[in-house]
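Here is the structure we will look at, set down as structure tokens.
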Amino acid sequence: MSADTAERAAVRPAPRTSAGVPTIRTALRRAIPALALFAAVRLAGLLAVALTSWHVGKNPLTRLGDIWDSRWYTGIAAHGYGHRTLTFADGAVVQSDLAFFPLYPALIRTLTTLVPVPLSSGAAGLLIAWAAAAAAACGIYLIGERLYGRPTGTLLVLLWALLPHSVVLTMAYTEPVLAAFAAWSLYAVLSGRWLWAGTLAALAGLARPNGIAVAAAVGAAAAYELWKRRGRMPWQIWTGAAVAPLGWCGFVLWVGAGRGDPLGGYFAVQAGWTSRFDFGAGSLRFVRRLLLAPERLSFAMVLVIVAAALVLFALFLLDRPPLPLLVYTAVLVLITVGGSGFFESKARFLLPAFPLLIPLAGAMAKARPRAAVVVTAALAGLSLSYGTYLVTIAPVPL
């Protein structure tokens, strides 16, 4: 392992100023250019969606805040669990709202209750998602800057904003919430703030099923520290590791207990949505069908994105990243590739896997400015046009 790699892989307490105040405030000020780029890209995406929606006779706020999974979350926020269940015509598959984790609807309900002016659940969901996306971008920048320097941190945020499915970051969906808690939890691990890392990981586990990846990252980092210190470990580290999986495990056990099967009940609910982990067998069957018969553009695009993610993951491994980032990204990729059902959503599931973009951000930081500008412009054109297509025209749910 090279010296610079060992330096990046180390988990060290956050540096402090002479007055003892954490330098995170200074780092946040340095993040302003990256956040400005992120805001500019996503505002351009909002404008593109709004103009296209009006052109095709649709309400842009409805397309962003009251569509597909957003309706399930706003329904839970308004009525609680057990209010909505869908049964297919043959009666074989039942889709229950218990498949959706509780943090996001709880935030929606809290916001609509506390705000003194009337606010719909869809509008509240959008405000929360936008705030979470901004918080995630900030955390992503801090990770990139800490490990690779300021240019790479800025480009990492920009590339995340320009992903083909980044339109989801401006929709009433849970990916921005998970990404925010994940980024800040990982930053807390890298800077030695273990209690913060565990608490944020627990909240990430309440946001989405794949939020367990954050707890896995915190646990792996704590185990490494335990091994490195020969078993002598400060209480903050093992406490953070113990707290990290509580959110995910708590909801899974709660759903299971309500269905009379504490360990298997939640996974039975997911099976009703045809979502299960089968080591990629279902995905391979779908890809075979996709290659042998014409399908919608969305499916082919997802196949390309998942393939690109696997290539980026290989490049990410070659860079010998810090253990928490490696475990977090590996678990997200494994869940996405190995899970069956809803192939069209796999690109969205990969949105929180921002470390995959580190190799590309590092390459752009070293490239000539003209080349970086050309790549950015091409990605912007793809992201804005394809994101607008997904929300306003595509018949396939995200």
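What FRET efficiency do you get for Arg276 and Leu43 if R0 is 41 Å and r is their Cβ-Cβ distance, rounded to the nearest 0.05?
Details: r = 38 Å, r/R0 = 0.93.
The formula returns an efficiency of 0.60 here.
May I ask for the distance between the Cα centers of segment 179-201 and segment 217-295, given as a whole number of Å?
The two parts, judged by their Cα centres, are 18 Å apart.
Along the positive direction of the dipole of segment 24-392 (beta-carbon charges: Lys, Arg +1; Asp, Glu -1; about the Cα centre), which of Leu86, Ala271, Ile358 reaches farthest?
Ile358
To make sure I understand, if each residue's beta carbon is the centre and we count other beta carbons within 10 Å, what order do Met364, Met301 fall in, fewest to most?
Result, fewest neighbours first: Met301, Met364.
Report the charge-dipole magnitude of the chain in Debye, nearest 20, computed about the Cα centre from +1 at each Lys and Arg Cβ and -1 at each Asp and Glu Cβ. Before the final figure, lay out the partial values.
Working: 32 positive and 14 negative charges, 192 e Å.
The dipole of the chain has a size of about 920 debye.
Take each complete run of DSSP H in the chain, measure how far its Cα atoms stretch along the helix's own axis, and keep only those covering 20 Å or more with mean Kyte-Doolittle hydropathy at least -1.0; list them. Before the final figure, lay out the partial values.
Working: long enough: 32-55 (34 Å, 1.62); 121-148 (39 Å, 1.26); 175-190 (22 Å, 1.47); 212-228 (24 Å, 1.24); 297-318 (32 Å, 3.02); 323-338 (21 Å, 2.34); 369-392 (34 Å, 1.16).
Passing helices, by number: 32-55, 121-148, 175-190, 212-228, 297-318, 323-338, 369-392.
Could you compute the FRET efficiency for Gln236 and Thr110, with r as their C-beta to C-beta distance and R0 at 25 Å, rounded to 0.05? Intermediate values should be presented prior to the final figure.
Details: r = 29 Å, r/R0 = 1.16.
Rounded to the nearest 0.05, the efficiency is 0.30.
Starting from the Kirkwood radius over alpha-carbon pairs of segment 24-392, derive D by Stokes-Einstein at 37 °C in a medium of 0.692 mPa s and give it in µm² s⁻¹. Display every interim value, and only then the final one.
On the way: Rh = 21.2 Å.
Translational D for this selection: 155 µm²/s.
Quote the relative contact order of the chain in percent (integer), defining contacts as alpha-carbon pairs under 8 Å separated by 6+ residues. Show your work: numbers first, answer last.
Working: 599 pairs, mean separation 82.8, N = 398.
After rounding, I find 21 percent.
So if R0 is 22 Å, what FRET efficiency would Leu253 and Ala223 give, r being the distance between their Cβ atoms, rounded to the nearest 0.05? Intermediate values should be presented prior to the final figure.
Numbers: r = 23 Å, r/R0 = 1.05.
That gives a FRET efficiency of 0.45.
Give me the distance in nm between label points sitting 7 Å out from Cα along the Cα-to-Cβ direction at Ile32 and Arg368, one decimal.
3.3 nm
Indicate the gyration tensor shape class of segment 248-351 (rounded, prolate or oblate), computed on the Cα atoms with a ≥ b ≥ c the square roots of the eigenvalues: a/c under 1.5 is rounded; otherwise a/b larger than b/c is prolate and the rest oblate. Could you put the intermediate results ahead of the total?
Values: a/c = 2.84, a/b = 1.23, b/c = 2.31.
Oblate, because a/c is 1.5 or more while a/b does not exceed b/c.
None of the figures in this text is laboratory data; all of them are computed from the coordinates on show. Remember, predicted model here, so these are calculated numbers, not experimental data. Because the Cβ atoms are built from the backbone with ideal geometry, glycine has one as well, and the counts that use them run over all protein chains shown.
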